[in-house]
Amino acid sequence: EQLLSNSAMANFSSKAKSIASAISIDYAVLIICCGLAAMLVVFFLLLIEPLVFLRADILMWEETDFIGNVIKLNIGTPLYTSPSDSNSMIYNPLSFLVTYAVAWPLGLTRSIPALRVIQLVYVAMAAAIATNCVRRVYRLAFPDRALRFPQTWKVLTFLALFLAATSPYVNRFVYTLHVDGLSLLISMISIWTMLLYAENKSARSLILMSICPALGFLTKQFLISWIGVIFVFLFLLDPKDLKRLGFFLLLSVGFVIMGFGVCYALWGDNYLFWTVEIMGKRKEIAFSPDSYNISIARGIDHIIRAWPEIFVGIVGGWVVLKWGDSRRVAPLIAAWVALIASEGFSSAAGWSVLYHFGPGVLIGAVFMFAALPQIWEI
């Protein structure tokens, strides 16, 4: 009996050492991955530092108009002026107003580098919210599985998602004076509210979801597509709850109309000309890639060119569906597919506008990092 007892203790001790060794190796590799991700983030920031702190609005076509709007806010001139002035932007005003509101208390409204840094702050906030979304998707998909090394995974996730949020192809303008930085942040807030609703299905989270399309629309008109994206999510989550679907549609459309009404009250027909008539000129659908209208061929081309980034989300979504609670996460992934489709459609209005896929790619990376701990365990 003593020999058997000693043998059992030896086996237990051996197994414990093996487990401890495996854990230490896993943790060491995870730390190495964090270090590599941190190095890439630092490299990226050093790479763009001369551009961000360039004291001239010449990094892309919209910067001069962006600065023009900031100057208008400084001197009290309306953002949208007569078409004959040819001195207004085609985008809605929220990005300029929020950037000005952040810069004004700091006395930085006349600093072009500072205004670019504010755009980077939006990106960092989007990555932080995306990191929280990863944890929420993981809880939805794997409610009975504890995540090992959660804090280390959180650091790695944030660093990697920051890199995804600054992808040189699909998020190429987020650190310039463009509306894309705030668009990315609002899109991540939108997916966060959807996850919040999936967890508690409260009226409060439904109202928060309903506000997001209006915020998106007031930043970049194409983001009104979040109404359709969230509708797909709610319908698949509970097809029988027509009351909630109707309530969401009523609220979301109402908030968009309210936002549009406020802008029209402030700037009148000039606002209508720049943000609706100009933006709405490309309203017909054609197949030719040379068409000035929405081109099906051009949209397909853009999806194919953005495919490596989109494929990350497909792999992550597939793993989450296969190994997790598919019933709980399938509506979210279907909504993401609808978002990618809407981004492909809106990108078809221009040439080489892969930056329309930025929010969809970052959300796809959320699915990948929710799935990655499960892949890690194989």
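Residues in region 297-333 that are buried (at least 16 other Cβ atoms within 10 Å of the Cβ) and not in a helix (DSSP H, G or I): Ala306, Gly324. Of the residues making up region 272-297, just one is touching a Phe, Trp or Tyr at 6+ places or on another chain (Cβ under 7 Å) and either at pLDDT 95 or above or among the basic types (Lys, Arg) (or both), namely Arg282.
Pull up region 199-232, narrow it to residues that are in a helix (DSSP H, G or I) and of a type in the set (Gly, Ala, Ser), then point me to the one that is farthest from Ile90 (Cα to Cα). Steps first, please.
Of the residues in region 199-232, the ones in a helix (DSSP H, G or I) are 199-200, 203-219, 221-232.
After this cut, where a residue has to be of a type in the set (Gly, Ala, Ser) as well, the list is 203, 205, 210, 214, 216, 225, 228.
On the way: Ala203: 35, Ser205: 32, Ser210: 24, Ala214: 17, Gly216: 15, Ser225: 18, Gly228: 23 Å.
By that ranking, first place goes to Ala203.
Kindly indicate which of Arg136, Arg172, Arg148 is buried (at least 18 other Cβ atoms within 10 Å of the Cβ) and of a type in the set (Lys, Arg).
On the way: Arg172 fails: buried (at least 18 other Cβ atoms within 10 Å of the Cβ); Arg148 fails: buried (at least 18 other Cβ atoms within 10 Å of the Cβ).
Every option except Arg136 fails the conditions.
Kindly evaluate Ser183 against the criterion of being of a type in the set (Ser, Thr, Tyr), at pLDDT 95 or above and touching a Gly at 6+ places or on another chain (Cβ under 9 Å). Yes. If I filter region 104-117 down to residues being of a type in the set (A, V, I, L, M) and touching a residue at least 24 places away in the same chain (Cβ under 8 Å), which single residue comes out as least open to solvent (accessible area, probe 1.4 Å)? Among residues in region 104-117 that are of a type in the set (A, V, I, L, M) and touching a residue at least 24 places away in the same chain (Cβ under 8 Å), the one least open to solvent (accessible area, probe 1.4 Å) is Leu115.
With respect to the conditions (1) without any contact (Cβ under 8 Å) to a residue 40 or more places away in the chain; (2) closer than 14 Å to Ser183 by Cα, Ile340 falls short on a single one, namely (2).
Does Ile19 count as part of a helix (DSSP H, G or I), more than 23 Å from Val98 (Cα to Cα) and either at pLDDT 95 or above or open to solvent by 40 Å² or more (accessible area, probe 1.4 Å) (or both)? It would help to see each step written out before you state the result.
Values: part of a helix (DSSP H, G or I): yes; more than 23 Å from Val98 (Cα to Cα): yes; either at pLDDT 95 or above or open to solvent by 40 Å² or more (accessible area, probe 1.4 Å) (or both): yes.
Taking the combined requirement at face value, the residue satisfies it.
In region 230-248, the condition of being farther than 25 Å from Ser347 by Cβ, open to solvent by less than 40 Å² (accessible area, probe 1.4 Å), of a type in the set (Phe, Trp, Tyr) and modelled with pLDDT of 95 or more is met by at least one residue. Being open to solvent by 40 Å² or more (accessible area, probe 1.4 Å) and within 26 Å of Asp238 (Cα to Cα): is that true of Trp336 here? When the stated conditions are applied, Trp336 does not pass them. With respect to being modelled with pLDDT of 90 or more, open to solvent by less than 10 Å² (accessible area, probe 1.4 Å) and within 30 Å of Ile278 (Cβ to Cβ), Gly358 fits the description.
This table checks each residue for (1) in contact (Cβ under 8 Å) with a residue 60 or more places away in the chain; (2) out of contact with any strand residue (DSSP E or B) (no Cβ under 7 Å at 6 or more places or on another chain); (3) among the acidic types (Asp, Glu).
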position	(1), (2), (3)
Ile207	no, yes, no
Gly228	yes, yes, no
Asp238	no, yes, yes
Phe255	no, yes, no
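The values are calculated or read from the model by the stated rules, or taken from the named source; none is laboratory data. Worth saying up front: this structure is predicted, and the values here are computed from it rather than measured. Note: ideal-geometry Cβ built from the backbone for every residue, glycine included; neighbour counts use all protein chains shown. For the accessible areas, the whole protein counts, side chains as well, though only heavy atoms, and no ligand, DNA or RNA atoms are used. Shrake-Rupley method; radii C 1.70, N 1.55, O 1.52, S 1.80 Å.
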